Amino acid sequence: MVFKGGRSMKVSLQDHVLVPKHEILKEEEVEELLKLLRVSKEQLPKIKASDPIVKEIGAKPGDVVKITRKSLTAGVSIFYRLVVE
Amino acid sequence: MSYDAILKEYPLPPSVKQEIKEELERLKPKKNVAKKIVDLCYQAYLSNLIEPGEAVGIVAAQSIGEPGTQMTMRTFHYAGVAELNVTLGLPRLIEILDVRKNPSTPMMTIRLLPEYAKDRDKAREVANRIEATHLKDVAEIEVDLREMSITIKPDREAMNKKDLTIDELREKIEKSIKKGAELIEEKGIFVVKVKKDSYKVLMDTFEELKELVVMGIKEIKRVIIRKEGEEYVLYTEGSSMKKVMKVKGVDFTRTITNDIYEIYEVLGIEAARTAIINEAISTLEEQGLEVDVRHIMLVADVMTADGELRQIGRHGVAGEKQSILARAAFEMTVNNLLDAAVRGEVDYLKGITENIIIGQPIKLGTGDVELIARLGVRR
């Protein structure tokens, strides 16, 4: 990102307080996860490929994104979303 | 001795583990006693989990709906920040759940980088860069009908206050008038001459010039500086996350807006989920109503499950239901039935509403369980 004064600084959207940590899950991990939850990939909640954070981490449609949220009730909770078009 | 080793074996949520650990460290029991305690806690945790098949959506709807009836109908309120109007109460809650693209009172909370946050003058400097300054705020504009021209007399004092130079002003005006007119500068006074000899063009140019934004961000109508603890925080009327995050001195990572759709566009679906939860909680809390966060979290999860923001209502969650009868039972009964008939849709009677309508057992709780006998299979 470039500031008005020409000063440029690397700012990642993922640093924002509202954005939880997003990671792309590896192939093996996805299989393990689906087995554990006993669901198919399509049954996971979705996230758009055009989502700014998905673009930032470079996930492609078909990837599963692991989201580590700060939860008000559980402290930390983990959520999974399937990247779709 | 550490209790972590004992806790590690139980799949409890981190916050529960932390609570148990703190309590154990206070009581300091022996290892076998501690294990027993943790085990009992785990049993209690399991018995407090929601049962599979429980109608959590209905429970959430009731839990938010009931306190909702007690919310004030008074929409405007001066919340927190003096002289800054914010929609609150029921209208605000509806706005959040409807995912309005333009909330009635968009507002931003802008936090500053450390080198700007401590000093009032520096904070003012950032505020000047953000707040929209119109030409009429820094100059006197008059129409001369005889000469068919507009004279702009810059107000030096106002300009100094805003840290604006004559050159910057000239540039902005030149950019605004483009081809239709020409700019002449005389002794620090700008004269805009309209090329076409038309009264209408002159007046249109005049109106345009009056509202010309010479500095700041168009969407931000007002900025208020407040001291919060050690640092100065800016509150704005109007919102534009994209533009504000590029302003020098703004700590983008801690800058938020109450426009949820804007957060969705700039920061993505997960940030929007967090924002929905935060906004709903603060709206309810401000009214003195206590709703368990779990209900609000469920609502936020449903709204964001598809990767895009869906409102709760006819154009979103309820309107996209697969069952015709469930849609017809919600809103616009005749339209839904007619459209379904024209399209030849089929209702598979898998949901709750449909089965209540036709008087079948519903698939909830014990009604969701089916027994399958495998005859002739011996183990």
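Throughout, read-outs are computed from the coordinates displayed, never taken from laboratory work. Quick caveat, the model's predicted, so the values are computed rather than measured. Counting neighbours? That spans all protein chains shown, and the Cβs are built from the backbone with ideal geometry, glycine included.
Annotations
- Placing +1 on the Cβ of every Lys and Arg and -1 on the Cβ of every Asp and Glu, with nothing else charged, gives the protein assembly as shown a dipole about its Cα centre of roughly 940 debye.
- Amide H contacts of B:Leu212 (H built 1.01 Å from N, in plane; Pro and chain starts excluded): B:Leu135, B:Lys136 sit under 5 Å, all sequence-distant by 5 or more or on other chains.
- Relative contact order (%) - region A:16-84, alpha-carbon pairs under 8 angstrom, separation at least six: 38
- Mean per-residue shielding of peptide B:194-202 is 0, counting Cβ atoms of other chains within 10 Å of each Cβ.
- Residues whose amide H comes within less than 5 Å of that of B:Asp306, counting only those at least five positions distant or on another chain, are A:Lys46 (H built at 1.01 Å from N in the peptide plane).
- Nonlocal amide H pairs with B:Glu54, under 5 Å, H built at 1.01 Å: B:Gly365
- Our coupling estimate for region B:92-107, obtained by passing each phi through the Karplus curve with A = 6.51, B = -1.76, C = 1.60 and θ = phi - 60°, is 5, 4, 4, 4, 5, 6, 8, 6, 5, 6, 10, x, 5, 10, x, 8 Hz, Gly and Pro reported as x.
- Among B:Leu46, B:Leu27, B:Leu12 the positive-end extreme of the charge dipole of region B:4-48 (Cβ point charges): B:Leu27
- Straight Cα distances below 17 angstrom link B:Lys195 to the lysines B:Lys175, B:Lys178, B:Lys179, with same-chain residues fewer than 8 positions distant left out.
- Filter on B:Lys101/B:Lys227; A:Lys41/B:Lys8; B:Lys136/B:Lys187; A:Lys46/B:Lys363; A:Lys66/B:Lys101 - keep pairs with C-alpha separation over 22 Å: B:Lys101/B:Lys227; A:Lys41/B:Lys8; A:Lys46/B:Lys363; A:Lys66/B:Lys101
- Semi-axes of the equivalent ellipsoid of chain A are 28, 16, 10 Å, computed as sqrt(5λ) over the eigenvalues of the C-alpha gyration tensor in descending order.
- P(r) of chain B over all Cα-Cα pairs, binned every 20 Å from zero, in whole percent: 19, 37, 30, 12, 2, 0
- Peptide B:245-251 has a mean shielding of 3, counted as Cβ atoms of other protein chains within 10 Å of each residue's Cβ.
- The P(r) of the protein assembly as shown has a tail past 41 Å containing 38 percent of all C-alpha pairs.
- Among the residues of B:271-277, the average count of other protein chain beta-carbon atoms within 10 Å of the residue beta-carbon is 4.
- Debye, to nearest 20: dipole size of region B:259-309, +1 on Lys, Arg Cβ, -1 on Asp, Glu Cβ: 160
- Region B:8-47, Rg to Rh (Cα coordinates; Rh as Kirkwood inverse mean 1/r): 0.93
- In summary, region B:226-379 shows an alpha-carbon radius of gyration equal to 1.54 times the 2.2 N^0.38 Å reference for compact globular proteins.
- Cross-link partners of B:Lys17 among aspartates and glutamates (Cα-Cα below 13 Å; sequence separation of 8 or more within a chain): B:Asp4, B:Glu9, B:Glu25, B:Asp39
- Average Cα contact separation per residue, chain B, under 8 Å, 6 or more apart, as relative contact order %: 18
- For region B:126-258, the mean projected area of the C-alpha convex hull, equal to one quarter of the hull surface, is 9.4 nm².
- Relative contact order for region B:133-215, counting Cα pairs under 8 Å that sit 6 or more residues apart, in percent: 41
- The charge dipole of region B:84-243, taken about its Cα centre with unit charges on the Cβ atoms of Lys, Arg (+1), Asp and Glu (-1) only, comes to about 420 debye.
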